[in-house]
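Take a look at the structure below.
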Amino acid sequence: METARFFNLLRKQKYTLIAVPFLVMAIAFLLVRKLPDVYAAKGSIAAGILDGSQEGIGTSIEKNLMQETKVNQEFSNIIQMMQMKKVYDLVSYKLILHDLTSDVPFRKPSGLLKTVVGDARNHAIEVYTDKYNKREPLSLWDDDQKGLQKLLASMGYDFESLQKKLRVYRLENSDFINVEYESDSPKLSAFVVNTLCSEFIDYYSNVSKENEKRTINFLATMMAQKKDSLDNQVDSLRKFKIDNKVLNLNAQASGLYTQMGEFETKIGVMQKDIEATEGALKSLNERFNANNRGYNSNVSPLTQDILMTKQQLTAANDALIKSNYDPKFQSRIDSLKEVLSNEINQQSDRYIQNPLTTKENLAAQKMNLEINLDLDRSSIKSLQNEYNKLNARFNSLVPHEAVIQAYEGNINVASQEYLEVLKKYNQTNMAFTSSSSLKQIEMAMPGAPQPSKKTLLVGVSGLGSFVFCLLILFVVFYIDDSINTPQELANKTEMPVMGYLPLLRNLSMLNLNQLWRPDNDSEDNKAFKSQLRSIRFETDNELGGSHLLAVTSLGQGEGKTFLAMSLASACLMINKRVLLIDGNFANPALTEFTQPEYFLEDYLTGKSAMPRTGYENDITVMGNRGTDTSLFEIAIEQDIRQKMDALCTVFDIIIIESSSLDTLNLSKEWLSVANKVIAVYESGKTISTTDKSQIEYLRELKDKYVGWVINRVPGEYMTSQHKKSRKKAMR
């Protein structure tokens, strides 16, 4: 239903939908026909970023992803730098300088450029050249440079104009950056692309070199600081070792520990020997008794030589221990022992002999054991002294160990920092000495003009205007809340609809006498009479045996008079005696149109007799005088009902045109007198808030209210579907 309505609206506005696109296309053609041809130029730059990007082959996926992200970031940085205003300004300066100094400029001089002659021209060239050499933008705070900026804009060489036509992008995932520019001159397009590439490469190289130089200087300073710090730590450790006589702490500690172990072993062996010797002496002493001591009284004491030899042997033994058992001291000890043994034997030969030879031998053994015991005790004392010295030296190394470890830790940290800085310094220095990786590998050349877009622009303008018109019509249709068909009226009001009357395009059809003539068989007349007969039939069924039918509407001018006259003529065609009363005191259009013989006021007040039925094929009309009055002000309600009942005895149907419901009591007084009520609704109107209250009043009439008749329905809504909808609403 809604779709059909929309297409009906489109059919109604078909000439608009055709005319507007054609008009827009004509205007577009006039605007684009003088557009110059467009020439495009393209150049390429090799970034050199992907040359070392294959290092990640065979590595983890995560590392490859990180490397790809880094590469994309580098390309994004380069593209953004190429599109900086600082780089575009260099291109602008070269363009304007070319046009100011060349006999063949890229573009036709603008009106502003034509005014720059003589000294002004030389001044402009001087300023542009100076700004280009210094790589500086024009200062808009300076009025003179602000004028030069306007000169660039007038020629289309300023930053904004270049940016609109320049495209800088990376070619998929390659190492190449493409630069494209479109203009009305092939040489201009090629010049802009090549100039932008060369200027950017120079700018990028200078910026990179400057940054790398600052980085190298910074790293060199840091490297010197780290080297000084490392040297200071090494010197401090060396000085500490010298002051504390520490050459190799670990080796020294290990040697001392080994020597202490050896001395502990020897002391243990020596103690065992002493204990063994003491045990042997004790055993010998037990073998001597008091009776045998007399035999020894003649034994002389040890000679001075034996004592001196024992002292020498003790000294040699001490020297052997202090020298860590040097073999040369061991041979001296062996020789001294041999000398001592000979001296003891000689001394034994001089002993006074007694008969007890065994006792003499025991005495000699005892003397030897006592000499060995003295030697062992002297040796173990020397060993213990040396052991104590080694232990003291070992204990003195412990605090040195903590200090040396601290020094060595600081040296390791300083060494690591120095090596890291040195590595970065070497890498940066190598990058600085190498040439720039950016290179223009494809020069832009003047080319043929691009395919013309004029036809496309004209077609797009026509299509766009057509779509725009459709959109406007759809919006109008969407927000349109008007009622045009019986079904819409029945759905909105939830009240029955008796039928509808089509819109009459020929005003001559208002002559109802001609409407029913047999020779008046036009399509419009047939449609109108068909709908009028349907309304007459439905009205007869609703009236039953009643006679009074009131015709009203929600507002003025909706067609009450027309419906009343048309329905009266239709009832006359079925040989009914018809009385048509003009009850609209506010607007007596029926009276003015028919100029009747009878007036309502005279009949109700008894000033005139009951009207007679008209002649054959004629309708009796009772008008009103159009005064400011109401029905119940003319006569009391009881008298009015009696008068109306009297008329019902004479006429088969009495059709009363009352005023619209917005006149309040003027219409409601008639509706209270009538037997049935019909309301007229004009097609194309919307239901207002006031109308809703009037509709509610009609709903309260219940069975007295017959239904709606929608008037002036356009021809596009007069379909069989509407008729079916009307019958369904009637049921």
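Contact map, region 573-593: residues that are in a helix (DSSP H, G or I) paired with residues that are among the hydroxyl-bearing types (Ser, Thr, Tyr), Cβ distance under 9 Å, separation 6+ or inter-chain. Pairs shown: Ala589/Thr561; Leu590/Thr561; Phe593/Thr561.
Return the residues of region 544-555 that are assigned to a loop (DSSP other than H, G, I, E, B) and in contact with a helix residue (DSSP H, G or I) (Cβ under 7 Å, 6 or more places away or on another chain); say none if nothing qualifies. Within region 544-555, His547, Leu554, Gly555 qualify. Restricted to helices (runs of 4 or more DSSP H) entirely inside region 79-155, those with at least 2 residues that are hydroxyl-bearing (Ser, Thr, Tyr) are 85-101, 119-134. Consider region 690-715 and keep the residues that are at pLDDT 90 or above and among the small types (Gly, Ala, Ser). The one that is surrounded by the most Cβ atoms within 10 Å (Cβ to Cβ) is Gly707. The set of residues from region 477-500 being modelled with pLDDT of 85 or more and either among the hydroxyl-bearing types (Ser, Thr, Tyr) or loosely packed, with under 14 Cβ neighbours inside 10 Å (or both) comprises Thr493, Glu494, Tyr500. Is it fair to say Leu152 is modelled with pLDDT of 90 or more and under 20 Å from Met84 (Cα atoms)? Yes: the conditions hold for Leu152.
Looking across region 177-213, the residues that are of a type outside the set (D, E, K, R) and loosely packed, with under 15 Cβ neighbours inside 10 Å come down to Ser205, Asn206, Val207, Asn211.
Conditions tested, residue by residue: (1) over 24 Å from Ile201 (Cα atoms); (2) surrounded by 15 or more Cβ atoms within 10 Å (Cβ to Cβ).
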residue	(1), (2)
Thr69	no, no
Met81	no, yes
Lys86	no, no
Leu90	no, yes
Tyr93	no, yes
Ser102	yes, no
Arg107	yes, yes
Glu126	yes, no
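Taken over region 23-66, the residue count meeting the criterion of being surrounded by 12 or more Cβ atoms within 10 Å (Cβ to Cβ), at pLDDT 75 or above and in a helix (DSSP H, G or I) is 9. Ile619 fulfils the conditions (1) crowded, with 16+ Cβ neighbours inside 10 Å; (2) aliphatic (A, V, I, L, M); (3) at pLDDT 90 or above; (4) closer than 22 Å to Gly545 by Cα except for a single criterion, (3). Within the set of pairs 6 or more residues apart or between chains, which connect a residue that is at negative phi and of a type in the set (Ser, Thr, Tyr) inside region 1-17 to a residue that is modelled with pLDDT of 80 or more and surrounded by 10 or more Cβ atoms within 10 Å (Cβ to Cβ) with Cβ atoms less than 8 Å apart? Matching pairs, first to second residue: Thr16/Cys469. If the condition is being surrounded by 20 or more Cβ atoms within 10 Å (Cβ to Cβ) and either modelled with pLDDT of 90 or more or not assigned by TED's automatic domain parsing to the domain that holds Ile655 (or both), then region 572-589 contributes Val578, Leu579, Leu580, Ile581, Asp582, Gly583, Asn584, Phe585, Pro588. Exactly one residue among Glu538, Glu558 is crowded, with 20+ Cβ neighbours inside 10 Å and in a loop (DSSP other than H, G, I, E, B), and that residue is Glu558. Taking Gly464 as meeting all but one of (1) among the small types (Gly, Ala, Ser); (2) modelled with pLDDT under 80; (3) under 37 Å from the mean Cα position of the chain (by Cα); (4) in a helix (DSSP H, G or I), write down the number of the exception. It is condition (2) that Gly464 fails. For region 462-476, the tally of residues that are under 18 Å from Asn8 (Cβ atoms) and surrounded by 13 or more Cβ atoms within 10 Å (Cβ to Cβ) stands at 5.
The values are calculated or read from the model by the stated rules, or taken from the named source; none is laboratory data. Predicted model, so just to flag it, every value in this text is computed and none were measured. Here Cβ is always computed from backbone atoms with ideal geometry, including for glycine, and neighbour counts include all displayed protein chains.
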